[in-house]
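The values are calculated or read from the model by the stated rules, or taken from the named source; none is laboratory data. As the structure is a prediction and not an experimental result, all values here were calculated from the model. We place every Cβ from the backbone using ideal geometry, glycine too, and count neighbours over all the protein chains shown. Just so you know, the surface numbers come from the protein's heavy atoms only, side chains and all, with ligands and any DNA or RNA stripped out. Shrake-Rupley method; radii C 1.70, N 1.55, O 1.52, S 1.80 Å.
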Amino acid sequence: MDQKLDFDEALEKWEGSCDASLRKLPTRKKKFATQSGITVKPLYTPKQLSEADDYVEKLGFPGQYPYTRGVYANMYRNRLWTKRLLVGYGAPEDLNERNRMLLAAGETGLNVTGSSVSMRGYDTDQMAEELDRGYVGLYGTPLDSVLDTEISLKDIPIDKVSANYSDQGPFVSTATHFTVAERRGIPLENIAGSTNHADCFSHWISCNMYILFPLDAHVRMTVDLIKWSIHNTRRWHPLSIIGQHYAQNGATPVQELAFTLASGIAHVENCLKAGMDIDEFAPRISGFFDGQISVFELAAKLRAARRMWAYIMKERFRAKDPRSRQLRIHVQTSGVELTRQVPHLNIARVTLQALGAVLGGANSLHTDSWDEAITIPSQESALLALMTQHVISEETGVADTIDPLGGSYYLESLTDNIEQEAWKIIDTIDSLGGMMKVAKEGYVYREISKSVIRDLDETKNHDKIIVGVNEFCQPEEASSFESFKIDPELVDRQIARTKRLRKERDQAKAKTALDELRFIAECSRDGNIFQGVIDAVKVDCTRGEIVRALRDVFGEGKPYADA
Amino acid sequence: MAIRMLLAKIGIDAHDRGIRFIAYTLRDHGMEVIYTGPWQTIDSILKTALEEDVDILGISTLGGDYVLIPKLLQRFKKENVDIPIVVGGIIPTDIEESLKEKGVAAFFHPGTSPESIVETINAVLEARSGSHSRI
C-alpha cells in the first residue's frame, strides 16, 4: 500500500536508493564541480533555497532592484538582446562590407575591433615601414584617422545602429566615430554605443594589451572620457567593466566576476575623486563578460553580476538613480574554448555558450565563428555565427519568457554560491588596498596563473575533458587551413591614404591641435584629454601622431610581465 | 646538462597565456626556460638568445606575428647564429609550409600535449648534434 511521504522522508528514501545504486555502479567522475571549482551536488531541491530568502530582496522582478532576473521589465519579450558580431580585418572598406552584410542579415549592432597595429599606437604606413606590411589588416582593421572610420561606416545609419569599439586610451576610434557623426550632421545625443576597452585594469593585467602609456595615465584618460561622454552624449557608454579578458587569460568564472566588479569599484572611486556625482556617471557603466561553455554557471554568473553590482551601487556608493544600479551586460562567447581539432565542433560550442548568455539575460551578444580558433572568420562562418543567435531567439523559445531558469533549485543555488565566492575575493582585494594597488602588485596576475596551472593539470589528467583534444580525438589532417589573404592593393591604398591625408590637411591646424593636446596632458588641470583627442581628429591628425604627442608627456607603457 | 630554451613573443600581439603555460610545463620537464615577455623585436630576441646561451628558441604567435619570422630567420643566418627555432600558436597551414622551407624546425598547434612538445624538442636537438642529453 502506498503511503504519502513528507519531504524529508522522500528525500531520505531517494538518498538511500542513490547509495544502493552507487554501490553497484560508482559515479562517472570522482568529483563534480563547476569551472570555478564549486562542488555540484547530485540534486538540488527546495532545501537549497533558504526559507529565510526573501524573493523580492534577492531576485526581485525584472527591471527592479536587485535586477537578478534582468535589467528591463519585459526583457526579450519586447526587445531582444543586441546581436553584435565583432569584426575587424582587412582595410576599412572590408570592415564596411562585412558590417553591411551582417546588418542585412539581421545583426542589430556594430562591434568593431581596431587592428593590432592601431592598438600599439602605430599608423599603417609607419608600421609597414618599421615592422612589416604583412601585418596590415591581418588582425583588426586599421583606423588611422577619421577618414578611415568614415569609409568603414559608409551607408551605415549610425543614428540608428549602436556601435561598440574595442578602443583603448586615448580612444581615437571613439573620437573618429563622433567626428563622423558630426560631419553627417547627426546630433551626438542620437549616437549610441560604447567604448569597450576603457577598463585599463583588465587589459593590463590579463593580456598586456592596449597599454600604450603607464597605467596612471590610462586611468586619467578613462576618467576624462567618462566626463566628456556624460556632458556631450546621452546614449554612449564610455566604460565597460571587462571580465572577458581575465577569463580568456584563465580566470575562473568566479574570479572573473570578482575582478571585474573590483575593477568597477576602482573606476567609480576614480570618477568620484575627479569630482563627478555617482548618479551622473554610473548609469553609463556597462559590463562585458565571457561566455563560457558551462551553461548554468554562465547564466548564474550574469545573474550574480547584476545583483552584486546593484548592491555595490546602492550600499557602497549610495547611488539613488535606478539606472546607476542596473548593469547592462555584453557577452562574447569564449574563444579559448574553441579548438583547432575538429573545428566544426566549435559551432556546437558557440551555440551552447550563446544559450547560456541568453539564459543569463545578456543585453548584447557576440558569437564567435567556428573558424575563429584558427583564422580570421570567413564571411560564411561569420554569417553562421550570427544566424546561430537567430535560432536561439526565434526557434528555441528561450526568449519568450523572462529569466526562464529563474527558480530552478540548481540555478538559484549556483547564483548564490558564485556570489558568495566572489564577495570573498572582493573583500580580499579591498583589504589589500583595492584594485589599483593589487593590480600593480601582481595579486590578480598570480591568482589567474594559479587557475591556469590548475586547468592545465586537469586537462592533462583528463579530469577536464575537451572533446577532440584530450579525448575522442580524430585524425589531425582534418584541421589544415589556409591563411587569410588580404588584397595587397587595399594595403597599398591604405598606406597611401594615410600618407596623403597627412600631407594635404591644414598643417597649422593639425600642429596647433597636437600642441594643445600635449598641453592638456602636461599642465592643464581642467582640460579634458578626450576633448583634445577629438579636436585633433577633427583636423585630420592621425592615431600615431596623437599617441606620440601623449607619449611625449606620459612616456610609454610596459607589458604587465615587465612592470 | 639541462636544455636551455628561450621562449619569446615577437611583434605587436601580447596574448601570452599559451606561452606562459608552455614555460611552466617545460620547466616542469626539467628544462631551463627563459621567457622574454611580449613585444620583442628581432634584435632583442637575438641579443637575449646569445646572452643566455640557449640551445633552442621557441616563438609564440597568435595575432599574425608570424609575418616577422622570415626576417628573424634571415637575421639569425646573417649573424651566423645556429640556434634551432620552433614555432607555436595559431599558424595557417600554408604559412607553416613556407616557414618550414625557410628553416623553422618544428610547429606546435593548440592542444599539442606537453609530452609531445618535449619529445619534438629533444628530436630537433638530437638531429642537430646528437650531443644533448635527453630530459
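Before moving on, here are some points about what is shown:
- Screening A:PRO253, A:PRO283 for residues that are away from chain B (no Cβ under 14 Å) and either under 22 Å from A:THR333 (Cβ atoms) or of a type in the set (D, E, K, R) (or both) leaves exactly one candidate, A:PRO253.
- Out of B:ILE59, B:ILE91, B:ILE95, B:ILE83, sole residue that is over 27 Å from A:HIS462 (Cα atoms), of a type in the set (A, V, I, L, M) and open to solvent by less than 10 Å² (accessible area, probe 1.4 Å): B:ILE59
- So A:VAL342, is it modelled with pLDDT under 95 and at positive phi: yes
- Unique residue being closer than 26 Å to A:VAL342 by Cα and within 14 Å of chain A (Cβ to nearest Cβ) when the list is B:LEU73, B:LEU68, B:LEU99: B:LEU99
- Residue check for B:ASP16: in contact with a Lys or Arg (Cβ under 9 Å, 6 or more places away or on another chain) and farther than 20 Å from A:SER206 by Cβ: no
Residues checked against (1) under 21 Å from A:SER449 (Cβ atoms); (2) modelled with pLDDT of 95 or more; (3) away from chain B (no Cβ under 14 Å):
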site: A:GLN248; (1), (2), (3): yes, no, no
site: A:ALA262; (1), (2), (3): yes, yes, yes
site: A:ALA305; (1), (2), (3): no, yes, yes
site: A:ARG316; (1), (2), (3): no, yes, yes
site: A:ALA319; (1), (2), (3): no, yes, yes
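- Tally, over region B:8-19, of residues that are in a helix (DSSP H, G or I) and at the interface with chain A (Cβ under 7 Å from one of its Cβ atoms): 1
- Qualifying helices (runs of 4 or more DSSP H) (wholly inside region A:114-173; at least 1 residues being away from every other protein chain (no Cβ under 12 Å) and either open to solvent by 10 Å² or more (accessible area, probe 1.4 Å) or closer than 15 Å to A:ARG100 by Cα (or both)): A:124-130, A:146-152
- Residue count for region B:76-96, restricted to those that are among the β-branched types (Val, Ile, Thr) and either touching a Lys or Arg at 6+ places or on another chain (Cβ under 7 Å) or within 12 Å of chain A (Cβ to nearest Cβ) (or both): 4
- Taking region A:188-277 as the region of interest, the strands (runs of 3 or more DSSP E) fully inside it that hold 1 or more residues being over 30 Å from A:SER36 (Cβ atoms) are A:192-195, A:235-237.
- Test: residue in region B:30-39 that is open to solvent by less than 20 Å² (accessible area, probe 1.4 Å) and within 12 Å of chain A (Cβ to nearest Cβ): yes
- Cβ pairs under 6 Å, 6+ apart, first in region A:336-360 and within 14 Å of chain B (Cβ to nearest Cβ) and farther than 18 Å from A:LEU298 by Cβ, second of a type in the set (S, T, N, Q) and surrounded by fewer than 18 Cβ atoms within 10 Å (Cβ to Cβ): A:VAL342/A:GLN474
- Hits in region A:400-437 (condition: assigned to a helix (DSSP H, G or I), of a type in the set (Val, Ile, Thr) and surrounded by fewer than 17 Cβ atoms within 10 Å (Cβ to Cβ)): A:THR428
- Residue list for region A:90-113, restricted to those being outside any helix (DSSP H, G or I) and either within 14 Å of another protein chain (Cβ to nearest Cβ) or acidic (Asp, Glu) (or both): A:GLY90, A:GLU107, A:THR113
Table: residues versus (1) at negative phi; (2) in contact with a Lys or Arg (Cβ under 9 Å, 6 or more places away or on another chain); (3) modelled with pLDDT of 95 or more.
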position	(1), (2), (3)
A:ALA104	yes, no, yes
A:ARG120	yes, no, no
A:ASP123	yes, yes, no
A:MET127	yes, yes, no
A:GLY140	no, no, no
A:LEU147	yes, yes, yes
A:ASP155	no, yes, yes
A:ASP159	yes, yes, yes
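- Per-region count, region A:54-93, residues among the charged types (D, E, K, R) and surrounded by fewer than 20 Cβ atoms within 10 Å (Cβ to Cβ): 6
- Residue in region A:470-483 that is within 12 Å of chain B (Cβ to nearest Cβ) and within 20 Å of A:LEU95 (Cα to Cα) present: yes
- Which numbered condition A:GLN48 fails, given (1) out of contact with any helix residue (DSSP H, G or I) (no Cβ under 6 Å at 6 or more places or on another chain); (2) open to solvent by 40 Å² or more (accessible area, probe 1.4 Å): (1)
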